[in-house]
Every structure is written in C-alpha cells, then in structure tokens.
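Participant: I have a structure I would like to understand better, so I am pasting it below and will then ask my questions one at a time.
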Amino acid sequence: MGRSLVFSTNIPLEFSQNPRSFSLLNHSKLCFPQRFIENSRCGFKKTQLLNLKLAGNVCTKAALSEITNERKYPKVGAPSTGPISANHLIQVVETAAKTGAEVVMDAVNKPRNITYKGLTDLVTDTDKMSEAAILEVVKRNFGDHLILGEEGGIIGDTLSDYLWCIDPLDGTTNFAHGYPSFAVSVGVLFRGNPAAAAVVEFVGGPMAWNTRTFTATAGGGAFCNGQTIHASQTDLVEQSLLVTGFGYEHDDPWATNIELFKEFTDVSRGVRRLGAAAVDMCHVALGIAEAYWEYRLKPWDMAAGVLIVEEAGGTVSRMDGGKFCVFDRSVLVSNGVLHAKYPFMRELFLPFTRKDEKEIARASTSTWKEKIAPHHMMDVELLERIAPATEKLKSKGIDFSLWYKPANYRTDL
C-alpha cells in the first residue's frame with residue numbers, strides 16, 4: 001500500500017539530503033524559486049524551499065521525504081445527526097430509498113412512458129411515482145422536515161434543520177434504455193451538511209435485475225448491503241480507473257471536461273462515463289474506481305454520494321480544490337490518496353510542465369510513452385490538472401456560486 005505524499009498545514013516540508021532524481025528532459029537552465037506561496041484557499045502557509053541550481057544532469061525536481069501525515073481536506077459530513085439518533089434517521093432514509101426502488105424495479109422490464117425536460121433530458125412516469133413513494137415515507141416519519149426533490153421541488157418547513165435531497169431515479173436515460181447504471185438516491189442534510197444517506201443501485205441487466213444498497217451516517221462509516229466498505233488505496237493515476245460525467249448543456253464546462261476526459265484517458269487505466277452521479281460516487285466508496293468528478297450537478301445528485309465516499313475513507317472537494325458543500329456546482333471525490341499528492345506544488349511545477357509539453361509535442365509517440373510520460377505525470381495528481389481548468393472557467397465569468405439554497409433554511413456552512 002503506497003503512502004500518501006500530502007501534507008497537513010502544521011507539518012513542515014522536508015527535502016531528502018539525497019533526492020531520488022530523474023531526468024525528464026535536459027532542463028539545464030531551470031531552477032526553483034526560493035520562496036513559494038501556497039494557495040491560501042487550501043489553507044497553506046508560506047514555505048521556504050531549497051534554492052537549487054540545476055546544471056547538466058542534475059534532476060529537475062527535488063524528491064520529497066516520505067511523510068505519513070495526510071493533508072486533511074475539510075469534512076463534508078455533519079458533526080452529528082442532530083436531535084434524531086443516527087440509527088433512527090438511517091432506518092427511515094434506507095426505507096425511503098428502498099421504497100422508491102421497489103417502484104423502479106416494478107417498472108424496469110416494462111415499456112416506458114417518456115417525456116422531456118429538455119432536448120435530451122428525459123423524465124419518465126417511474127421518476128414521478130418513485131418520488132411520490134419516497135415522499136410518503138418521509139412525511140409519515142418526519143412531517144416537519146424540508147424536502148428537495150428532483151421532480152417536485154421544495155416542500156415542507158423551511159425553518160427545519162433537516163433537508164432531504166431526493167433523486168427518485170438517478171440515471172433516467174440509462175433506465176429508459178434498460179442500461180445499467182441507475183439508482184434511487186436519498187440524502188439528508190442537518191443544517192446544510194450530509195447526515196445520512198442511502199443509494200439503491202440497480203445492477204445486472206434486462207431480465208436479470210438486482211440491487212445493492214449503500215448506506216452511511218455522519219461518523220458512522222459506509223456500508224454496502226450491511227457490510228463495511230472502504231475506498232481503494234491505489235496511489236498512482238496510471239493504475240487508477242476514473243469516472244466522470246457530462247451535463248446536458250454543451251457549454252464551456254462541458255468542453256473543459258471533454259479535455260480533462262482526454263487528458264486522464266491518456267495517463268490512467270481509463271475514464272468511464274456511466275451517467276448516474278450517485279452510482280459513480282458509490283463505486284469510488286466501494287473501491288472499484290479511484291475518483292469521480294463532474295460540473296453542473298444538483299444537491300439531489302450529490303447529497304447521498306458524497307457522504308458515502310467520505311465515510312468510506314475517501315475525500316471530497318470542489319473541482320477547484322475548495323471546501324465542498326452540497327449546494328456547490330462541481331464536485332471531485334476520490335479515494336483520498338489521489339486527490340492531490342502535492343497540493344502545494346502545482347504552481348511550482350507549472351513552468352516545467354508547460355515547457356515539457358512543447359518539447360513533448362516534437363517527440364515521437366514511442367519516446368513519450370516509454371521515457372517521458374511516466375515521469376511527466378509522476379507528481380501531478382487529480383487536482384493538479386482539474387483545479388487549473390476550473391480556475392480558467394471562473395476567469396471567463398462562468399458562475400460557480402452556490403446553485404441553490406432554500407430561503408430561510410438554516411445551515412452551518
């Protein structure tokens with residue numbers, strides 16, 4: 001199991017006296033700046049770096065000493081489940097999700113009645129029937145809670161500390177075609193933070209459908225069909241299976257993610273696009289994929305999945321690396337090891353990678369794959385590629401403010 005090379009804010013940086021070196025290309029005139037100011041958004045302080053004078057075959061990057069303390073990203077889960085016990089809350093959450101799943105299972109092998117919310121954004125009678133069944137369970141148990149459903153919008157008491165985020169059929173297009181994956185997703189926020197979650201995933205295929213149920217409570221761990229689950233410990237992108245998603249609007253974020261899709265496809269074992277955000281995140285929690293990211297999601301897409309990932313030992317942030325909340329417009333979840341091995345080094349290494357890319361463009365494909373690529377991506381993890389692309393979108397004026405928060409809903413955000 002590899003060690004994560006990320007840092008908490010109170011750990012000093014150390015360089016090995018005998019750095020393990022490699023020669024990416026012959027950068028004989030490059031040197032490190034004496035000081036590097038880390039991104040304040042990520043909570044780092046100024047750090048004194050070695051002043052390296054590089055010449056001839058001296059390596060372009062000094063190796064970091066191994067440090068076992070991982071940098072801690074802010075938790076997205078609620079500090080507690082509030083006045084409602086965790087056992088009671090998750091029991092109702094799981095019952096609600098399974099009740100919706102029963103509606104979906106009853107319809108999965110039958111003809112669909114499909115309508116459209118957009119040019120290609122589908123909705124079926126099953127979406128609406130599943131949500132109605134879930135609402136009945138919630139209202140019967142917690143009549144004073146606030147509810148945000150994908151199909152029905154906001155209902156209930158906006159002064160409640162609890163907000164239920166319901167996706168009655170995540171992956172409707174897949175469902176309409178009888179193609180896995182799709183799921184029922186139910187997440188509950190306590191004062192704005194995920195407190196309990198359940199996702200019922202449909203697996204198999206036509207005439208062979210089955211389900212598995214993912215659950216989590218804040219501080220209580222993550223489970224699949226009652227068994228504890230953990231995110232993977234894979235610490236190399238080239239050994240990772242990644243997942244992303246694309247919205248229905250072919251706008252700048254969509255185009256940016258197409259480029260990220262291409263880039264990570266070249267340096268990983270593959271990037272999948274399954275079409276159901278809650279399922280994608282559960283696969284990261286289960287340890288069968290290492291990371292998932294997407295722009296333009298809604299609270300009902302993320303509320304359950306992010307808690308399940310975090311309780312399985314994974315990490316959750318925005319795609320710019322900032323602290324995530326369910327009302328944000330982007331999400332990156334990972335096994336935690338890959339999130340950002342060197343979160344403070346991106347700007348330091350950026351001149352090297354830009355210069356390398358020009359030379360790589362002139363190199364043969366075989367040279368790139370055999371000699372350059374392994375080292376070129378060695379220290380560049382998920383956020384080191386995804387965050388700059390997201391910052392570029394923000395510089396263009398793309399709106400990344402909170403998507404929606406119900407009026408008068410009290411949060412600890």
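Readers should treat all values here as calculations from the given coordinates under stated rules, not as data from a laboratory. From a predicted model like this one, the values you see are computed outputs, not experimental measurements. Ideal geometry is used to build each Cβ from the backbone, glycine not excepted, and the neighbour counts take in all protein chains shown.
Participant: How high is the FRET efficiency from residue 155 to residue 233, r the C-beta distance, R0 51 Å, rounded to 0.05?
Facilitator: Working from the Cβ atoms, E equals 0.75.
Participant: Measuring from label point to label point, each 7 Å out along Cα→Cβ, what is the residue 408 to residue 395 span in nm?
Facilitator: 4.3
Participant: Return, for the Cα atoms of the stretch 86-341, the radius of gyration and Dmax in Å, separated by a comma.
Facilitator: Cα-based Rg and Dmax for the stretch 86-341 come out at 17.1, 50 Å.
Participant: Which entries of 72/392; 262/392; 128/323 have Cα-Cα distances beyond 22 Å here?
Facilitator: 72/392; 128/323
Participant: Let me ask something additional. Rounded, prolate or oblate: which fits the stretch 122-165, taking a ≥ b ≥ c as square roots of the Cα gyration tensor eigenvalues, rounded meaning a/c under 1.5, else prolate when a/b beats b/c?
Facilitator: Cα axes put the stretch 122-165 in the oblate bin.
Participant: On to the next question. Rounded to the nearest 0.05, what FRET efficiency do residue 250 and residue 110 have when you use their Cβ-Cβ distance and R0 = 51 Å?
Facilitator: Computed FRET efficiency for residue 250 and residue 110 comes out at 0.95.
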